[in-house]
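Notes for the one structure printed next.
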Amino acid sequence: MESDLRSIGELARDSGLGVSALRFYDSADVLAPAWVDPRTGYRWYAPGQLADARLLCRLRRVGLPLADIRAVLGAEPGSGAGRRVIDAHLRRLEDGLADARRELSLIRTLIDQRESPVTATPTAHTFTVPARELAEALGAVRFAVGVDPEHPVLSGVLFDLDGGLLRLVATDRYRMALAEVPLPAVAAPPVPDASATGGAPVAAIVPTALVDGIRALLGSGAEQAELTLGAGQVRVETGGHRIEGAALDHDYPDYRSLVRLDPVHRVGLPAAELRGAVESGATRSLPSGPHGEACEVTVLTLDRNGRLTVAADDDQAPGDIRVAVNRDFLLDALPAAGPAQLVLELTGPIAPLAIRTAGRDGTFSILMPIRVPELG
């Protein structure tokens, strides 16, 4: 019998698997020898097992789990079961690579932040802003302010002055909201830019309580407000009234690199239509918080015809784009975007979802996706 069989050493040499690996796969019921010498315990393999051993060697190289290797080698010829296992593994690898790229991008951002953080302005700068536009911008970002005591830097709104624009930013790490307020040309004294401040931006992190006080003050009906940023203080004067307080003494994350999105799909629809679909649409409960707490998740689907819907089941047609997000976060972002037309930017199930106000590119929200295995 032995003349027709390969020894374990010969099979190891011809297949690329080590002797110890062959012994392991025998004990794991993946590739059992054709015959074991009852006296010596030596393993012998049939000639036809060489092809399985070579396939097994390649499956190992791509990191296929043991259960999937067993399924591939045990699949009925012509059933397509083995190919389906490999296709599912390839999707997992592609998703993992996309996740790794996203994490590395965030790591680069953190490294850049260490080298050039958005720091508070050492000297105060005073300028004029339209009161109504500032109030609307604060309303557009207030919902995304962080409340985690472990991240106090996020418990406020960043006021970032950049030339003729005042940019407001808020994030709790799971979502981010941005709004821009164009400054009037008559603003006095002149609005400084980074070159006028030694390369440092004019910025301050305004704590939540002060943000809410500013919003209340801006509701007085005055057309203009005088805003002072810097030297650790924030002050707003309008209609003969004033509110002021200390800025947060932290370095805000560099949000600029995080908002450089490259969406694959853009779809427009009325805000009220999307809100109605989300409020009445199906949800699923999934863990998504920092401590594994569950939240209600909405799955948005963009079909091949460009129609956006709330997914009601796990069926997905070929070519559909899906992204799952926290339902409450999505509803929070919709009023902030305004009552009119929205533009949603989607890339895929592991890329952020951007929600923009049509005609106002500088005012938008970003929601981080929640991984749902069947959406991969």
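We did not get these values from a lab; they are worked out from the coordinates using the rules stated. Computed from a prediction, not measured in an experiment: that's the story for all the values here. With ideal geometry, Cβ positions are generated from the backbone for all residues, glycine too; neighbour counts draw on all protein chains shown.
Amide H to amide H, with H built 1.01 Å from N, A124 comes under 5 Å of A231, counting only residues 5 or more places away or on other chains. Highest mean packing comes first when the peptides 356-366, 19-29 are listed by Cβ atoms within 10 Å, giving 356-366, 19-29. Counting every other Cβ atom within 10 Å of each residue's Cβ, L183, L258, L56 order from fewest to most as L258, L183, L56.
The separation of segment 132-180 from segment 218-273, counted between C-alpha centres, amounts to 5 Å. With K and R counted +1 and D and E -1, the other residues having a Cβ less than 15 Å from that of A81 yield a net charge of 0. Need one word for segment 125-255: rounded, prolate or oblate. Basis is the Cα gyration tensor (sqrt eigenvalues a ≥ b ≥ c); a/c below 1.5 gives rounded, then a/b vs b/c decides. Oblate, because a/c is 1.5 or more while a/b does not exceed b/c. Listed by Cβ neighbour count within 10 Å, with the fewest neighbours leading, W35, W44 appear as W35, W44. Count Lys and Arg as plus one, Asp and Glu as minus one, and take only other residues whose Cβ is under 13 Å from that of A51; the net charge is then +1.
Among the GluC sites (Glu not before Pro) in segment 210-288, which ones are in a DSSP loop with at most 16 other Cβ atoms within 10 Å of the Cβ? Mind listing them? The qualifying sites are E223.
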